[in-house]
1. Being touching a residue at least 12 places away in the same chain (Cβ under 8 Å), within 23 Å of the chain's Cα centre (by Cα) and surrounded by fewer than 17 Cβ atoms within 10 Å (Cβ to Cβ), is that true of even one residue in segment 246-260?
2. Residue pairs, Cβ under 8 Å, 6 or more apart or interchain, first in segment 331-352 and outside the structural domain of Leu53 (by TED's automatic domain parsing) and outside any loop (DSSP other than H, G, I, E, B), second crowded, with 19+ Cβ neighbours inside 10 Å and among the acidic types (Asp, Glu). List them.
3. What is the residue count in segment 261-272 for residues that are in contact (Cβ under 8 Å) with a residue 60 or more places away in the chain and out of contact with any helix residue (DSSP H, G or I) (no Cβ under 8 Å at 6 or more places or on another chain)?
4. Tell me which helices (runs of 4 or more DSSP H) are completely within segment 137-240 and hold 2 or more residues being without any contact (Cβ under 8 Å) to a residue 12 or more places away in the chain and within 27 Å of Glu340 (Cβ to Cβ), or say none if there are none.
5. Got a sec? Which of Val389, Val312 is outside any helix (DSSP H, G or I) and either free of Cβ contacts under 8 Å to residues at least 60 places away in the same chain or on the phi > 0 side of the Ramachandran plot (or both)?
6. Across segment 113-128, what is the number of residues that are out of contact with any Ser or Thr (no Cβ under 8 Å at 6 or more places or on another chain), under 18 Å from Cys84 (Cα atoms) and free of Cβ contacts under 8 Å to residues at least 60 places away in the same chain?
7. Got at least one residue in segment 408-421 being over 29 Å from Ser173 (Cα atoms) and either not β-branched (Val, Ile, Thr) or not assigned by TED's automatic domain parsing to the domain that holds Tyr23 (or both)?
8. Out of the helices (runs of 4 or more DSSP H) lying entirely within segment 1-95, which hold 2 or more residues that are in the same structural domain as Ile108 (by TED's automatic domain parsing) and farther than 23 Å from Ala122 by Cα?
Amino acid sequence: MIMKNPRKAAAQALLEVEKAKAYSNIALNTVLKNSGLNGADRALASAIFYGTLDRKITVDYVLSRFISTPLKKVAPYTLAVMRCAVYQIMFADKIPDSAAVNEAVELIKASGESRNRGFVNAVLRNILRSGLSLPDDSSVKSLSVRYSCPEWIIEGFTDDYGTETAKALLEESLKPAPLTVRVNTLKTDADSLKKKFSEAGISCASAGIGNALIINGGMDIASNDFYRQGLFYAEDAACQTAVSLLAPKRGGRMLDMCAAPGGKSFTAAQLMENEGEIVACDLYEQRAGLIRKGAERLGIDIIKPLCADASVYDAGLGKFDFILCDVPCSGLGVIRRKPEIKYKPETDFKELCGIQYKILQNARNYLSDGGRILYSTCTLRRDENENLVKRFLMEYNGYRKAYERTFMPHTDKTDGFYCALIVKDK
């Protein structure tokens, strides 16, 4: 059914994230595809959707002060529409409060929950009359409300980095993430691609490392002609830096143990000048297929996608001089890109460290003498990062840590990312 209304599209996408536990980008793209929206309306729907999802704890704090029953008892669509309206009132400066309220009431009126239109109107107008105030002390509960982040994540950041750094991370998590792309040096170079972007009216700047560009103002990557031609792909600067630390050599053999969707393997292939072999593994065949399609688009033919469990040894793969262990993680370094991660229960991450350690242990079975392992995550939890690598080095002789770094979003202007280079003695 066509829904040419950006606020309706935003509310529908929120429902998908809530009900189906869908990834935010997939939920939104699915709704927009069927929405009939174009241009500015698509942009408005996206802004309201991501903004509301990002600020859900804050929005729910305000709503709960004006609704006597628990929010979980409010009809789902009604709640989604009200959340969007409160987000617009609190954070969307260019949208008049009256428009946010009136549009919300009209959406409910035209829905199967039309009986709630008076309720929605009353609650939202009470919020406008009473004004909005948030707790301003430094308690974990108050920080949770102000920065729309669960208390357990805040406590973890504080334990690992201290209160001030935790606040800085929370502040940064609510800002837009940069769109960083990697130039495909097998087909072009940074100057040539920058010129093409400029001629197409796309503004970009160097990301501070070779062949990484930041696109200003965003871009619909999938529909971009230069992307389709394989001239670039999206990859954060921290990831690109990490692969360069592994430094796979031309003609060498590399194993990417958890490769999908393939960005780090693609970067490695360029460093190897498309000569040698990269075995790129993923647990699921569909995701291994993504690697294959990406490599074809980029003109890379040394990548061999393989459906395989990274925690299980396969002697048939042989030995490798370079191994990338970009393990499954809690993703707390990329919550500004994927805000739904914040709302997963802490119990969802209970088994992660065990899985990560098992994969790192398995990596040593494949490593040649004198070879390198790059262990990496897109999270900021020390238990998944420094503490895990330290445990490995204490347990196994003959390995040393040659490099270690945690990229911090508020200082490095990248995603939150950890990497450690582990070298095996000859």
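The values are calculated or read from the model by the stated rules, or taken from the named source; none is laboratory data. Here the structure is a predicted model, which means the values were calculated and not measured. Glycine also receives a Cβ, built like all others from the backbone with ideal geometry; neighbour counts cover every protein chain displayed.
1. The first filter runs over segment 246-260 and keeps only residues touching a residue at least 12 places away in the same chain (Cβ under 8 Å), leaving 246-260.
Among the residues that remain, those that are also within 23 Å of the chain's Cα centre (by Cα) are: 246, 256-260.
Add one more test, that the residue is surrounded by fewer than 17 Cβ atoms within 10 Å (Cβ to Cβ), and what stays is none.
No, there is no match, as no residue in segment 246-260 is touching a residue at least 12 places away in the same chain (Cβ under 8 Å), within 23 Å of the chain's Cα centre (by Cα) and surrounded by fewer than 17 Cβ atoms within 10 Å (Cβ to Cβ).
2. Pro339/Asp54; Leu352/Glu384
3. At the first step, the residues of segment 261-272 found to be in contact (Cβ under 8 Å) with a residue 60 or more places away in the chain are 263-264, 266-267, 269-270.
When the remaining residues are screened for being out of contact with any helix residue (DSSP H, G or I) (no Cβ under 8 Å at 6 or more places or on another chain), the result is 270.
Going through segment 261-272 one residue at a time, the tally reaches 1.
4. In segment 137-240, 140-147, 151-161 are the helices (runs of 4 or more DSSP H) which contain 2 or more residues that are without any contact (Cβ under 8 Å) to a residue 12 or more places away in the chain and within 27 Å of Glu340 (Cβ to Cβ).
5. Val312
6. Selection size over segment 113-128: 8.
7. No, segment 408-421 contains no residue that is over 29 Å from Ser173 (Cα atoms) and either not β-branched (Val, Ile, Thr) or not assigned by TED's automatic domain parsing to the domain that holds Tyr23 (or both).
8. 6-20, 24-33, 39-54
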